[in-house]
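*Asks:* What follows is a single structure, and I will ask about it in a moment.
The values are calculated or read from the model by the stated rules, or taken from the named source; none is laboratory data. If you're wondering where the values come from, they're calculated on a predicted model, not measured in any experiment. Glycine also receives a Cβ, built like all others from the backbone with ideal geometry; neighbour counts cover every protein chain displayed. The protein model used for the area step is the full one, side chains on, heavy atoms only, and it has no ligands, DNA or RNA in it. Shrake-Rupley method; radii C 1.70, N 1.55, O 1.52, S 1.80 Å.
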Amino acid sequence: MSKKRIFRLFNMKKTCFLLFYLFVVTFLQAQPKDYEWTTPSVNSSESMPCGGGDIGMNVWVENGDVLFYLSRSGCFDENNTLLKLGRFRISLSPGLDMQSFRQILHLKEGYVEVTDGQTSVQLWADVNKPVVHVRAFGLKQKLVVGATYENWRTQDKILTSRERFQSSYKFSAPKGLKTLRDSVMATEKAVTFFHHNGEETIFDATVRQQGMESVKEKLDNPLRNLTFGGRMSGRGFVFVDKVSGQYASSDYEGWLYATERPVKKVHLQIALATIQGSIADWHAALQRTEQAVKYQKDLQTTRAWWQQFWRRSFVEGDSPMIRNYALFRYMLGCNSKGQWPTKFNGGLFTFDPEYVEKSEEYRLTPDYRNWGGGVHTAQNQRLVYWPMLKNGDFDLLKPQLDFYLYIYKNAEERSRLYWGHEGACITEQVENYGLPCYPEYGTKRPAGFDSGLERNAWLEYEWDTCLEFCMMALEAHRYNGMDIKAYIPMIHSCLRFFDEHYQYLANKRGAKRLDGNGKLVLYPGSGGETYKMAYNSTSTIAALRTVTTALLAYAKEQNDTSLTSYLLPLTSRLPDITVRDGMIQPALHYERVQNVETTQLYPVFPWRMYGVGKPDLDIARNTYQNDSLAVKFRSHVGWKQDLIWAACLGLTDEAARLVKMKMGDGPHRFPAFWGPGFDWSPDHNWGGSGMIGMQEMLMQEYDGKIYLFPAWPRDWDVRFKLHASGNTIVEATLKGGKVVLLKVTPSERRKDLVY
């Protein structure tokens, strides 16, 4: 063999080795670090999240016992409270050695482990079926394991005035409102627990209140006969005793099971079921869940799911805020398969409220969360779901999109009944059945007041937030080609409401449906909950313009001539946003300021009309820096978006200042349990807005160009893998102020990068 050929083969091997090395390094970078505690907890506020599919657990060790709350998406009671399924207590004899204690959240495989090196307890939730698994091991000695199911809803309970805020009734609850008891049935080998809603629920009260009885049979009702719960069982466990006690401020009853003899290892499972139907139907569904369990296969499938979840995107580095980004994304990943979206006010991981707010009125049950369980506040919900696009978490996005797909038909019935026109009128605080929240609709309404309006100073005429979820669907298609055909009628309906309703209102006021320039007159309107009785609200115009343009592009791509023929003239009817004195205005005119939302910056985010590389950047920056109310409202707390706007506008120092506060450690032991902020703990719209801000600091897009590190400080080392439009994935490493690793998929998009 010639020297030339030997040299060529050597180079090929070296290249292959280098490629393999880079693959291994990249793969390892995609694996998040485990999160660990070395001391037990004091109470449930020092719990650690664990979950998967649509299940969430708060896991902590207290006085030697492993405890966890169990929650599942969609467990709404008669009052639309999102109930927990119970508390579980695992006791070990011999007990854990606290000198060698470790509690570990294994992020890359999605489970929690409690161990002292001799004894180990592992907890995980199946990502494909509603089952929780608990395994205990004695590595060198046998164990006696006790498992107690604890329930604080064994009797009907009248809700206190504060406690009513966990329901959709909130401050307008009828006197004597109760949380009804659960059913618990213990046998020698298992304990079964469930909550069954009857025929009459808050849905019926809302329909009566809002004068919709004539169309009631057309409305979907997710609460009637809803039954949810589960069964705890395990081979070798037998019933020992019924116990009682108090945890925090809640009395409970417990059903204690234990292993019949000392064992080296033991497996406990909690199978769950949720259906709309009879109790007999629920028992049959629960049995089907149990029969479908294949432990080893399910374990492998679940671990594999979490591993691919972490491979598809990541942000990595040594700072607490980057660690918290990963911890929060894990919490969002626990509701990937939920029928209902992750709630902004605690998700699946709320805990005893007296550890959130210290006053006496918060000594309530673990079911409490502020601002309700079944009512969805759209301004907050959107911030939980926008970051899923760049994370490539399109499966996690689906529950939120399906929520609007489910409710928009009921919202269309509102428009037809009240105003006689088409289009879905979806309010800001909307129930999981598409109608306005009972108290926000108003129980004291003057005679002759428009039946379609909420009698509420904050929420009146606020209808445009549904358009953000329409845009999420369109963006999901633009990002990865998601099939969104099912959502198109819903998007069309949301746009149609604004077109038809504001022509309807103009026709009631005068002889013309449009202004002198042939444009819609968006009055009365609203800029969030803040700029009230607005004329041509900037946030609404930006929403309508952006969604209409995106839907028109989709219609042309799909060759949908019918949709195109509707959208083209609609585009010409949309007014322009108001710019005055070199700054974006909240509206052409407004009558009062009600809250603290800076909607004059909504054209920056979520609507991306201004930003790095885009025209008139100076106008948006001037608005951010000099608008008196934008400055007055500035904050990092809760749903505040200032970090996002600073990042989108390339204000690196400002973004760096805000992200440290926004994504720094929260007040509880688990650092991504932020809040309560304006809402509740753990505050998910706090984490979501922080996640969006970090993404925008790292990567932005405009007009086919991908901007790298547009607002990221050059001296902050970081590695990231994020998604962009057109099925594009960008991986980059910034180290010592230089980009030392860059990978773009597909490779032809590398030419579109702008540093």
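*Asks:* Taking region 209-299, which GluC sites (Glu not before Pro) meet the DSSP loop condition and have no more than 13 other C-beta atoms within 10 Å?
*Replies:* Answer by residue number: GLU260.
*Asks:* A further question follows. To the nearest 20 debye, what charge dipole does the chain have about its Cα centre, counting +1 at the Cβ of each Lys and Arg and -1 at the Cβ of each Asp and Glu?
*Replies:* Computed about the Cα centre, the dipole is about 2620 debye.
*Asks:* Would you calculate a helix-derived [θ] at 222 nm for the chain, using -39,500 (n - 2.57) for each DSSP H run of n ≥ 4 and dividing by the full residue count, to the nearest 500?
*Replies:* Calculated at 222 nm, the ellipticity per residue is -10000 deg cm²/dmol.
*Asks:* Run the numbers for ASP483 and THR564: contour at 0.36 nm per residue of separation, minus the present Cα-Cα distance, in nm.
*Replies:* Value of the extension gain: 27.3 nm.
*Asks:* Taking amide H atoms as placed 1.01 Å from N in the peptide plane, list the residues 5 or more away in sequence, or in a different chain, whose amide H sits under 5 Å from that of GLY86.
*Replies:* Long-range HN contacts for GLY86: LEU70.
*Asks:* Between the alpha-carbon centers of region 623-639 and region 187-238, tell me the distance in whole angstrom.
*Replies:* About 43 Å separates the Cα centre of region 623-639 from the one of region 187-238.
*Asks:* Ok, one more. Can you tell me the length gained on complete extension of the stretch ASP395 to ALA511, counting 0.36 nm per residue apart and subtracting the Cα distance?
*Replies:* Here the segment from ASP395 to ALA511 would lengthen by 36.9 nm.
*Asks:* Which of VAL637, SER359, LEU180 sits farthest toward the positive end of the charge dipole of the chain, with +1 on the Cβ of Lys and Arg and -1 on the Cβ of Asp and Glu?
*Replies:* Of the listed residues, the answer is VAL637.
*Asks:* Which of LYS218/LYS512; LYS189/LYS297; LYS242/LYS297 have a Cα-Cα distance over 27 Å?
*Replies:* LYS218/LYS512; LYS242/LYS297
*Asks:* How far apart, in nanometres, would the label points at GLN296 and ARG416 be if each is projected 7 angstrom from Cα along the Cα-to-Cβ direction?
*Replies:* Each label point is offset 7 Å from its Cα along the Cβ direction, giving 5.6 nm.
*Asks:* What residues qualify as long-range amide H neighbours of ASP683, i.e. H under 5 Å apart, gap of 5 or more or another chain, H built at 1.01 Å from N?
*Replies:* HN-HN under 5 Å from ASP683: TRP674, GLY675.
*Asks:* Can you give me the C-alpha center-to-center distance between region 316-376 and region 37-98, rounded to a whole angstrom?
*Replies:* Answer, in whole Å: 13.
*Asks:* Report the FRET efficiency, 1/(1 + (r/R0)^6), for ASP204 and GLU62, where r is their Cβ-Cβ distance and R0 is 60 Å, rounded to 0.05.
*Replies:* 0.90
*Asks:* Moving on to the next point. Run the accessible area of region 314-462 with a 1.4 Å probe and give the carbon-and-sulfur part as a rounded percent.
*Replies:* 50
*Asks:* Could you work out how far apart the two model spin labels at LYS751 and ARG261 are, taking each label as a point 7 Å from the Cα in the direction of the beta carbon, and quote it in nm?
*Replies:* For LYS751 paired with ARG261, the spin-label model returns 7.4 nm.
*Asks:* At 0.36 nm per residue, and after removing the present C-alpha to C-alpha distance, how many nm does the segment from THR39 to VAL740 gain when stretched out fully?
*Replies:* 248.5 nm
*Asks:* Another question about this same structure. Which distance in Å, rounded to a whole number, links the C-alpha centroids of region 508-538 and region 448-494?
*Replies:* 18
*Asks:* Considering only DSSP states other than H, G, I, E and B, which trypsin sites (Lys or Arg not before Pro) in region 163-238 qualify as loop sites with at most 10 other Cβ atoms within 10 Å?
*Replies:* For trypsin sites (Lys or Arg not before Pro) across region 163-238 that sit outside H, G, I, E and B with at most 10 neighbouring Cβ atoms in 10 Å, the list reads LYS175.
*Asks:* Over region 363-507, what portion of Cα pair distances is larger than 21 Å, expressed as a whole percent?
*Replies:* Cα-Cα pairs of region 363-507 separated by over 21 Å account for 47 percent.
*Asks:* Okay, next question. For region 192-197, just list the computed ³J(HN,Hα) in residue order, Karplus coefficients 6.51, -1.76 and 1.60, θ = phi - 60°, integers in Hz, with x standing in for Gly and Pro.
*Replies:* So the J values, rounded to whole Hz, are 10, 9, 7, 10, 10, 6.
*Asks:* Which of the three applies to region 681-755, rounded, prolate or oblate, going by the alpha-carbon gyration tensor with a ≥ b ≥ c and a/c under 1.5 meaning rounded?
*Replies:* Oblate, because a/c is 1.5 or more while a/b does not exceed b/c.
*Asks:* Could I ask something else about it? Each residue of region 223-232 in turn: what ³J(HN,Hα) in whole Hz from Karplus with 6.51, -1.76, 1.60 and θ = phi - 60°, glycine and Pro shown as x?
*Replies:* 9, 4, 6, 6, 10, 8, x, x, 9, 9
*Asks:* Another question, if that's okay. Give me the percent of Cα-Cα pairs in the chain that sit more than 49 Å apart, rounded to a whole number.
*Replies:* When all Cα pairs of the chain are counted, 18 percent exceed 49 Å.
*Asks:* What FRET efficiency comes out for the pair ASP576/LYS614, r = Cβ-Cβ distance, R0 = 22 Å, nearest 0.05?
*Replies:* Taking R0 as 22 Å, the efficiency between ASP576 and LYS614 is 0.85.
*Asks:* Using +1 at the C-beta of Lys and Arg and -1 at the C-beta of Asp and Glu, which of TRP607, CYS648, PRO667 has the Cα lying farthest in the positive direction of the dipole of region 580-693?
*Replies:* Of the listed residues, the answer is PRO667.
*Asks:* Let me ask something else about it. Does region 350-446 classify as rounded, prolate or oblate by the C-alpha gyration tensor (a ≥ b ≥ c root eigenvalues; a/c under 1.5 gives rounded; else a/b over b/c gives prolate, otherwise oblate)?
*Replies:* Since a/c reaches 1.5 but b/c is at least a/b, the shape of region 350-446 is classed as oblate.
*Asks:* Each residue of region 68-82 in turn: what ³J(HN,Hα) in whole Hz from Karplus with 6.51, -1.76, 1.60 and θ = phi - 60°, glycine and Pro shown as x?
*Replies:* Values, residue by residue: 7, 7, 10, 10, 9, 4, x, 8, 9, 8, 4, 9, 6, 7, 8 Hz.
*Asks:* Just check region 81-188 against the gyration tensor rule for me: Cα atoms, a ≥ b ≥ c as the square roots of the eigenvalues, rounded for a/c under 1.5, and otherwise prolate or oblate depending on whether a/b exceeds b/c.
*Replies:* prolate
*Asks:* Filter the trypsin sites (Lys or Arg not before Pro) in region 560-632 down to the DSSP loop ones having no more than 11 other Cβ atoms within 10 Å, then list what survives.
*Replies:* Here no loop site has a sparse enough neighbourhood.
*Asks:* Tell me which residues come under 5 Å, amide H to amide H, from ALA587 once H is placed; ignore anything under 5 positions away on its chain.
*Replies:* The list, which skips near neighbours in sequence, is THR538.
*Asks:* Turning to a different aspect of this structure: If R₀ is 60 angstrom, what is the calculated FRET efficiency for the pair ASP156 and GLU557, using the beta carbon separation as r and rounding to 0.05?
*Replies:* It comes to 0.60.
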